[in-house]
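Note sheet for the following structure.
The values are calculated or read from the model by the stated rules, or taken from the named source; none is laboratory data. As the structure is a computational prediction, the values presented were derived from the model and not from experiment. Methodologically, a virtual Cβ is constructed for each residue, glycine included, from the backbone with ideal geometry; neighbour enumeration extends over all protein chains shown. Accessible surface areas use protein heavy atoms only, side chains included; no ligands, DNA or RNA. Shrake-Rupley method; radii C 1.70, N 1.55, O 1.52, S 1.80 Å.
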There are 2 protein chains.
Amino acid sequence: MYIERFTATARQLVDDVANEPSVQYPIRRWGAIIAVDVVEYSRLTIVDEEQTYHQYKSHRRELIDPKIAEFGARFLKSTGDGIMAEFETALDAARCAVHVQQGMVGRSSGEDADTQIVFRIGVSCGRIIADPEDIYGHDVNVAARLQTLAPPGGIAMTEEVADRVRDAVGLPLEDLGLHYFKNMCRPVRVFQYRFAAEAN
Amino acid sequence: MYIERFTATARQLVDDVANEPSVQYPIRRWGAIIAVDVVEYSRLTIVDEEQTYHQYKSHRRELIDPKIAEFGARFLKSTGDGIMAEFETALDAARCAVHVQQGMVGRSSGEDADTQIVFRIGVSCGRIIADPEDIYGHDVNVAARLQTLAPPGGIAMTEEVADRVRDAVGLPLEDLGLHYFKNMCRPVRVFQYRFAAEAN
């Protein structure tokens, strides 16, 4: 009973294609993914669970979710202390990430550094396996790993994303070189943006 | 537009309370959480993305999701290479975890160890903040961290869960002592179950 309900509702989380009953899952498509996470979320939760929840939710409601919508995400899921979203192009994904981090600079000014919410964002792109519940594949995993490498308040991305956005975004892109991530046999060349609000 | 659809459908993922329009979110409740994850998922995805996807989904469909339903989970979400689910009692959560790992022993026999899917499960309980989208709080974070400490094919749980299930489950529970998790200032005393299929 529960599973039927979960599955039926999860189906609607995926993009418009999911509403066509003729679609055979899983589908494969090209997409660009952002993984957004709160820096030191566990520590913030221990310091003040309620305040952390409400701060996080206000950033979601007033900044992140509107930007996700503005750049036309076709998939969105909550990861507890952040979100994962999929866009049609690397430029949409990167611009969304840049707008979120630029927006956070203004929102965080004057806040206590000890309890302030700061986001890290990872951006990747590639072939995605999508079903009614979630998105899967190597490049989805890479976005999640890149997020952990991003500077607090900043963005880390693959070389493929960097090549597609460097001229359009108009911000200095730093080359972090090759990085090995856990359980990934080949290194990933990482580029990053830093913003004024970063704590690192 | 996207956000409205996401929010409207995500609401139905949370338990029956979420269907009553009079509920004021977020709500606080006691709950027990399991975090289920695939060991070395990134490596398996690199070896064979399609095969890993289909193997994982068959374990979900034929074993995990039916067990989640059998033990009456009131919240379920996909974490990409696994799930997080919330139950009313620690015993429901622990029994669900035990049934899943026992079920995996039979399902994995004869498979190639290099491409075989093995799960780790973390179990915790405590006060939860729930809204239409997700569940939050320190004890939710602990379940995710415990999962990383569980032996492949096994279960790691907090002392509070262990105290509530040790007599009922009828399996030898090993005391792993105190563990410090990243960004958590106090150590967590961890207990574990091991099963025959474990790779470690």
With an 8 Å Cα cut-off and a minimum separation of 6 or more residues, compute the relative contact order for the stretch B:100-200 in percent. 29
Given only helices, namely DSSP H runs of n ≥ 4 each adding -39500 (n - 2.57), what is the per-residue ellipticity at 222 nm of chain B, to the nearest 500 deg cm²/dmol? -11500 deg cm²/dmol
On the protein heavy atoms, probe 1.4 angstrom, tell me the percent of accessible surface of chain B carried by carbon and sulfur. 49
Quick check: Cα centre of the stretch B:92-170 to Cα centre of the stretch A:130-152, how many Å? 22
Quick one: compute the contact order of chain B, relative version, from alpha carbon pairs under 8 angstrom and 6+ residues apart, as a percent. 24
Neighbouring partner chain Cβ atoms per residue of B:46-54, average, 10 Å criterion: 4
Estimated dipole of the protein assembly as shown in Debye, rounded to 20 [Cβ of Lys and Arg +1, of Asp and Glu -1, Cα centre]: 200
Filter the trypsin sites (Lys or Arg not before Pro) in the stretch B:112-199 to those in DSSP coil with at most 14 other Cβ atoms within 10 Å of their Cβ, and list the result. B:182
Mean other chain Cβ within 10 Å across A:142-151 is 1
Calculate the FRET efficiency for residue A:166 and residue B:166 from the Cβ-Cβ distance with a Förster distance of 51 Å, rounded to the nearest 0.05. 0.35
Cross-link reach from residue B:67 to lysines, straight Cα distance under 26 Å and at least 8 residues apart if same chain, gives A:77, B:57, B:77
Hydrodynamic radius of chain A per Kirkwood, over alpha carbon pairs, in Å: 17.4
Cβ-defined net charge surrounding residue B:44, 10 Å radius [Lys, Arg +1; Asp, Glu -1]: -4
Am I reading the A/B interface right? What is its buried accessible area, both sides, 1.4 Å probe, to the nearest 100 Å²? 4600
The long-range amide H neighbours of residue B:179, using H built 1.01 Å from N in the peptide plane and a cut-off of under 5 Å, are B:188, B:189, B:190
When you take every Cα atom in the protein assembly as shown, what is the radius of gyration, and what is Dmax, the widest Cα pair distance, in Å? 20.3, 63
Per residue solvent-accessible surface (Å²) - chain B, probe of 1.4 Å: 41
Can you give the average number of partner chain beta-carbon atoms within 10 Å of each beta-carbon in peptide B:68-76, as a whole number? 3
Using a simple charge model, +1 on the beta-carbon of Lys and Arg, -1 on the beta-carbon of Asp and Glu, nothing else, what dipole does chain B show about its Cα centre, in debye to the nearest 20? 420
Regarding the stretch B:111-200, what are the three Cα extents along the principal axes, ordered largest first, in Å? 41, 31, 25
